[in-house]
Amino acid sequence: MPTRPRSISQIVNEQVKKWELGHRTPLQQANKPIITISRQPGSKGRRVAGLLADRYNLDLYSSNIITEVAKLSNMSQRVVETLDERGRSIVDDIFAEVARHSHMATDDFLKHLVQIIGTIGGHGHAVIIGRGASFILPGEETLMLRIVEPRSMRIRNVMKEFDLSREDAEKRISRAEVDRRQFIHKYFSADINDPINYDMVLNMRHLTLDSAVELIREAWQQKFRAML
């Protein structure tokens with residue numbers, strides 16, 4: 001009998017219990033890596049993130065999990081409470097910094113989004129996909145990546161992954177591109193496609209997943225002078 005997929009609530013509750021049982025640390029140490037991955041729709045960004053997490057035993061947080069938790073204030077609060085007082089103070093500082101640069105400072109979703117991503121940063125040892133994490137966590141303590149790929153290849157990837165026609169795959173990619181670009185502009189007044197916003201942009205055109213992960217490992221060591 002096939003196993004039912006875990007709900008978002010179950011995934012979050014399992015992670016919260018893990019944090020509560022584990023040692024609480026202040027935001028970001030060199031041996032507690034945080035890697036954020038922004039990716040073009042249809043690129044191999046999610047697969048790179050998955051392999052990176054598996055290879056280095058990092059927790060993996062996808063954008064849909066973070067979005068759902070950010071919508072639920074009671075769940076967001078429980079997540080934040082897994083940090084000690086110093087960690088919570090740092091999360092407050094992160095929110096104040098984001099709010100200072102955003103016209104959406106009073107937006108509840110943004111508040112909870114920053115709290116969730118800031119808490120993940122506080123615990124460290126994680127890969128975060130999307131949701132503006134690169135624009136939330138401190139750049140000096142985070143390796144910020146952007147995964148891209150030629151559109152023709154991305155179309156083929158989406159056709160294969162979702163069993164879609166070329167036309168439907170193109171529509172799916174175009175819609176996601178607009179949504180992601182508008183999200184980053186709305187909340188962070190930034191251009192998601194500007195390479196200056198990232199430590200490294202990886203074009204998967206001629207890269208295997210393994211070679212991409214190796215380049216990320218080298219980038220981590222160069223930026224933080226520490227082993228990943």
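The values are calculated or read from the model by the stated rules, or taken from the named source; none is laboratory data. Predicted, not measured: the structure shown is a model, and the values here were computed from it. Quick reminder, even Gly has a Cβ in these numbers, built from the backbone with ideal geometry, and neighbours come from all protein chains shown.
Values computed for the structure shown
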read-out	value
Matching residues, the range 137-155, being part of a helix (DSSP H, G or I) and at pLDDT 95 or above	R151, S152, M153, R154, I155
Any pair with Cβ under 9 angstrom, 6 or more apart, that starts in the range 136-154 at a residue that is over 18 Å from I196 (Cα atoms) and ends at one that is surrounded by fewer than 17 Cβ atoms within 10 Å (Cβ to Cβ) and not aliphatic (A, V, I, L, M)	P150/N203; P150/R205; M153/R205
Residue among V158, V127, V178 that is modelled with pLDDT of 90 or more, surrounded by fewer than 19 Cβ atoms within 10 Å (Cβ to Cβ) and either under 13 Å from the mean Cα position of the chain (by Cα) or of a type in the set (V, I, T) (or both)	V178
First in the range 162-187 and among the basic types (K, R), second anywhere and surrounded by 12 or more Cβ atoms within 10 Å (Cβ to Cβ), Cβ under 6 Å, 6 or more apart	R172/V158; R180/I192; R181/I192
Number of the exception - S134 against (1) modelled with pLDDT under 90; (2) touching a Phe, Trp or Tyr at 6+ places or on another chain (Cβ under 7 Å); (3) assigned to a helix (DSSP H, G or I); (4) under 24 Å from E177 (Cα atoms)	(1)
Scope the range 181-228; condition basic (K, R), assigned to a helix (DSSP H, G or I) and under 26 Å from H125 (Cβ atoms); matching residues	R217, K223
Members of the range 194-216 that are touching a residue at least 40 places away in the same chain (Cβ under 8 Å) and surrounded by 12 or more Cβ atoms within 10 Å (Cβ to Cβ)	N197, Y198, D199, M200, V201, L202, N203, M204, L209, A212, V213, I216
Of the criteria (1) at pLDDT 95 or above; (2) among the acidic types (D, E); (3) under 26 Å from K18 (Cβ atoms), which one E167 fails	(3)
Selection status of F135, more than 21 Å from L207 (Cα to Cα), among the aromatic types (F, W, Y) and surrounded by fewer than 14 Cβ atoms within 10 Å (Cβ to Cβ)	no
Any hit, the range 207-224, residues being touching an Asp or Glu at 6+ places or on another chain (Cβ under 9 Å) and charged (D, E, K, R)	yes
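Per-residue answers, yes or no, for (1) crowded, with 17+ Cβ neighbours inside 10 Å; (2) under 16 Å from the mean Cα position of the chain (by Cα); (3) hydrophobic (A, V, I, L, M, F, W, C); (4) modelled with pLDDT under 85:
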{"position": "W19", "(1), (2), (3), (4)": "yes, no, yes, yes"}
{"position": "I35", "(1), (2), (3), (4)": "yes, yes, yes, no"}
{"position": "A49", "(1), (2), (3), (4)": "yes, yes, yes, no"}
{"position": "D59", "(1), (2), (3), (4)": "no, yes, no, no"}
{"position": "S63", "(1), (2), (3), (4)": "yes, yes, no, yes"}
{"position": "K71", "(1), (2), (3), (4)": "no, no, no, yes"}
{"position": "D107", "(1), (2), (3), (4)": "no, no, no, yes"}
{"position": "K111", "(1), (2), (3), (4)": "yes, no, no, yes"}
